[in-house]
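Asks: Before I ask anything, let me first share the structure, which is written out below as structure tokens.
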Amino acid sequence: MRVGKPAVAAAVATLLATGSGAWAVSKWFYTGEGSSWHVCDAEAKHCDIKIKWSISNEDKYDKWRICWKPKESGTWLDDHCDYHSLNVPIDANEAVLPSLSMELDYRIKLEGRKDRNEKWVCVLKGIITSVGYHPILHPGGVCVNV
């Protein structure tokens, strides 16, 4: 069994200007500890890591997609979804990222989509380190939608 630091939530708050006022949109990834959240095979050095998210304006979207890639495989500008992705029902707000190597760090990105325009947009980015029963989440990268 791998021993690591306690899981830490990655929190991001974004202020969006709307007309004359401004309102806050809070969004973050989080993860728990232990085998009820994460399943690891110490011999194979791989873990299935559960990631949850909270987005205060989730009603803006009809679908979620979470994407991930090894941190060293590229930059924040490379599309994470070209590596690995899972479509998630809008009411789930969680996904299990399968077979993450205990020897790597991962960049993750959450995207949302409205059915009417069928265009995915970046909602939140982060980094997973210390893959194991106690993974650590860090905020990371700014979403730039072109």
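Asks: Hey, any hits in segment 59-71 for a residue that's closer than 19 Å to I127 by Cβ, loosely packed, with under 14 Cβ neighbours inside 10 Å and not aromatic (F, W, Y)?
Replies: Checked against the condition, which is being closer than 19 Å to I127 by Cβ, loosely packed, with under 14 Cβ neighbours inside 10 Å and not aromatic (F, W, Y), segment 59-71 yields no hits at all.
Asks: Still on this structure, please answer the following. Out of the residues in segment 22-59 that are in contact with an Asp or Glu (Cβ under 7 Å, 6 or more places away or on another chain) and in a strand (DSSP E or B), which is farthest from V131 (Cα to Cα)? First the steps, then the outcome.
Replies: Of all residues in segment 22-59, those in contact with an Asp or Glu (Cβ under 7 Å, 6 or more places away or on another chain) come to 38-39, 45, 50-52.
Imposing the further condition that a residue be in a strand (DSSP E or B) reduces the set to 38-39, 50-52.
Values: H38: 9, V39: 11, K50: 11, I51: 12, K52: 15 Å.
For segment 22-59, the residue satisfying everything is K52.
Asks: Name every residue in segment 72-102 that is modelled with pLDDT of 95 or more and assigned to a loop (DSSP other than H, G, I, E, B), in order of residue number.
Replies: Within segment 72-102, M102 is the sole residue that qualifies.
Asks: Taking the stated definitions as given, is L137 part of a strand (DSSP E or B), out of contact with any Cys (no Cβ under 9 Å at 6 or more places or on another chain) and at pLDDT below 95?
Replies: yes
Asks: Could you list, in sequence order, all residues of segment 103-133 that are assigned to a loop (DSSP other than H, G, I, E, B) and touching a Gly at 6+ places or on another chain (Cβ under 7 Å)?
Replies: Once the filter is applied, which keeps residues that are assigned to a loop (DSSP other than H, G, I, E, B) and touching a Gly at 6+ places or on another chain (Cβ under 7 Å), segment 103-133 yields S130, G132, Y133.
Asks: All but one of (1) of a type outside the set (F, W, Y); (2) modelled with pLDDT of 85 or more; (3) part of a strand (DSSP E or B); (4) surrounded by 14 or more Cβ atoms within 10 Å (Cβ to Cβ) hold for V12, so report the exception by its number.
Replies: (2)
The values are calculated or read from the model by the stated rules, or taken from the named source; none is laboratory data. Just so we're clear, the structure is a prediction, and the values are computed from it rather than from any experiment. Glycine gets a Cβ as well: all are built from the backbone with ideal geometry, and neighbour counts include every protein chain shown.
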